[in-house]
Every structure is written in structure tokens, then in C-alpha cells.
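Student: Following this message is one structure expressed as C-alpha cells.
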Amino acid sequence: MRVSKNEFVRCLVIKLAMAAFLSSVGCGAMATDIEPRAYSNIPVGVNFLLAGYAYTSGSVSFPPPVPIENGELSFHSAVLAYARSLDIWGRSGKVDIILPAASISGKGDVLGETHSRQISGLADPRARFYVNLFGAPALSMKDFAAYKQNVIVGASLAVTASGGQYDPNKLINVGSNRWSFKPEIGVSKAWGPLTTEVAAGAYLFTDNSQPFQGGSQQQDPLYTMQGHLIYSFEGIWGAFDVNYYTGGRTSTDGKALDNRLESWRVGGTLALPINRQHSIKLYGSTSIYSRIGSDFEIVGIAWQYHWGGEL
């Protein structure tokens, strides 16, 4: 069957527009990491096993050249993670290994036609390493009982590997077919049961050598900042969370797109102990400003079990 030039161009625009839609969604979702108490002291030798679920839904906006309207996204994500607290030359630290999976559905109107896609699979695995540089010495469980936090200064590095589901012939992929690195520095200050925490970092991306429609895709660093106001009482703690990110403009074969991301988000976290070794964490966040990117809501729940360290 012969295809006219206009039909071919229309089809190509639709495919490229949907690819831009999904690329923006993935980058925006990744930048919304909100984790209170990341820079806190933990007794050495404690192991953590975590299983969690989150639901995300909302809309996605684009600059005028991209012919997508009414972009919508929803996805279910699950995560299994292991962490262990460490003694790093007398400083407290932690290492995490995170294995995620997701089921994603996206749709949008392109040139007057509604297009949708859905896919499920394993997402890119991630490892994170934390070390508290000041104010949080490595302590045993016995010595930790007398520890009182004042100011903690810490640093971390997260590495996300290219290991998730990816097919360059498909518009939607759970994996990203590239690596990313996120160095971050954080400061935490306690006033009795009240703690404030701020952290700033940046995602640095390798190139995707097999993007949809071929070629090579590059991405500028994506800068992030988060802040938390945390209150603890009788083993329960809650936090008010703020997240900001900007940057992440993409280029295809050296040609830059006008798709720099920028967004502000607010949310909350509540951690509830079940007994000495089990706890539940509830969290949620929503966008309050989005220049270009994802205007969506997230709700989630996580179960945590910890052992070791003389517990």
C-alpha cells in the first residue's frame, strides 16, 4: 500500500511527539524523589528490608512546538529494597540497593487524534551510598541510646544502572537505556523533637544510544533541591516536604529542544511503628507549579523490617 508524503509526515510527528511526552514524564517522575531523614544517624550494623507501592497520576505539559494536548499519565510502581548502616572511618553511613518495577499508561491528543500506550516491566535498578561527614559518629546500639542530634552534614551518591525493560522500537519503556549519577549534599538540624533538613543535588546522565527513531539522545543535568520539617513523638514521626527541580533539557543528535523542566512540589510523610522491628510509612505529594513537565499526584505506602545491630 502506498503512503502519501503528508500521511508519512503526520505519522512521524505523532511518533516523535509521543516519544517526547514519555521522555518528559520519566524525567519529571525521577526528579520528584522526596526522602525525609536521609541525613540522620543510625546505629551501626542495622539491616533494613523494605517493600513499597506507589500510584502516580496527572497531566503533562509541553512547549508550543510539540503538538500534544491533554497529555495524561498514570502508573503503578513497586519497589523492593535492602539497606545497611555502616561505620565509615568513624562516621555513620548507609548503603541502599533498590529494585523497582512499574506498569505505565499514557495518552495524549496529537494533531487532533488520541493516542495511548501501556507497558509493564522491571525499571532501572539503583544503588545509593551515604556518609555523614559531621555530627553523626558511628555508634553501637548501646552507645546510640545516649546520642542527641544537633547539626549533621552528609553527602550521598546514587547510581542508576541501565537494567530496566527497554525496546528502542517502542514508544513506552519502563527503563531508560542509560545510566545516571546523582551526587547530593544534605544538612540536618535538630531542636528537640523538631528537625529541619535540606538537600541539594543533580542528576547527571549518560547518552541514550538507541532512542526511539534512532540517532543519539543527550540530556543536560537536572538540578534538584528538597526540604523537610520533621516532628517526632513516641516513635512516630511526620514530615512536611518540599521538592524543586529544574534543567534536564534534551538534545537529539546535537539539536537541543526547548523542553527545560521546572517544578515545585509539596507533600507529607508519616511513619508509624508496628513493633520493635516493623514499621509502616505513608507518603504523598502534589505539584503546585510546573513550567514544562509533569503536573501529577503521588500516593504511596511502604513496609519496613529491620534487624541486626544488637536489636
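Student: If I stretch the segment between Thr206 and Ala51 completely, what's the gain in nm (0.36 nm per residue apart, minus their alpha carbon distance), one decimal?
Tutor: Values: separation 155, 0.36 × 155 = 55.80 nm, distance 2.87 nm.
Residue separation times 0.36 nm, minus the Cα-Cα distance, leaves 52.9 nm.
Student: Now for a different question. Which FRET efficiency value, to the nearest 0.05, is calculated for Ile88 and Ile280 with the Förster distance at 30 angstrom and r the Cβ-Cβ distance? Don't jump to the answer; show the numbers that get you there.
Tutor: Details: r = 29 Å, r/R0 = 0.98.
FRET efficiency, Ile88 to Ile280: 0.55.
Student: Right, next: So which aspartates and glutamates can Lys107 reach, going by Cα to Cα under 17 Å and dropping same-chain residues fewer than 8 places off?
Tutor: Partners within reach: Glu69, Glu72, Asp295, Glu297.
Student: Search the structure for amide H atoms under 5 Å from the amide H of Val46, placed 1.01 Å from N in the peptide plane, and list their residues when 5 or more places away or on another chain.
Tutor: The answer is Ser85.
Student: In addition: Plugging the Kirkwood radius over Cα pairs into Stokes-Einstein for segment 152-207, at a temperature of 10 °C and a viscosity of 1.306 mPa s, what D comes out in µm²/s? Can you show the working numbers first?
Tutor: Details: Rh = 13.8 Å.
Reported coefficient: 115 µm²/s.
Student: Another one. Straight-line reach only, C-alpha to C-alpha below 19 angstrom: list the aspartates and glutamates that Lys182 could link to, leaving out same-chain residues fewer than 8 apart.
Tutor: Once the sequence-local aspartates and glutamates are set aside, what remains near Lys182 is Asp33, Glu35, Asp96, Asp124, Glu197, Asp207, Asp220, Glu262.
Student: Once you place label points 7 Å from the Cα toward the Cβ at Asp258 and Val159, how far apart are they in nm?
Tutor: 3.9
Student: May I ask for the Kirkwood hydrodynamic radius of segment 90-150, worked out over all distinct Cα pairs and given in angstroms to one decimal?
Tutor: 16.2
Student: Between Arg117 and Ile185, what is the spin-label point distance in nm, taking each point 7 Å from the Cα along the Cα→C-beta axis?
Tutor: 3.9
Student: Rg/Rh for segment 171-296 to two decimals, with Rh computed the Kirkwood way over all alpha-carbon pairs. Before the final figure, lay out the partial values.
Tutor: Values: Rg = 18.5 Å, Rh = 17.1 Å.
Value, to two decimals: 1.08.
Student: Under 1.5 on a/c is rounded, so check that first for segment 207-256, then, if it is not, pick prolate when a/b is larger than b/c and oblate when it is not; a ≥ b ≥ c are the square roots of the alpha carbon gyration tensor eigenvalues.
Tutor: Numbers: a/c = 6.87, a/b = 3.39, b/c = 2.03.
Prolate, since a/c reaches 1.5 and a/b exceeds b/c.
Here, each number is a calculation from the coordinates, and none is a lab measurement. These figures come from a predicted structure and were not determined experimentally. Cβ atoms come from the backbone with ideal geometry, glycine included; neighbour counts cover every protein chain shown.
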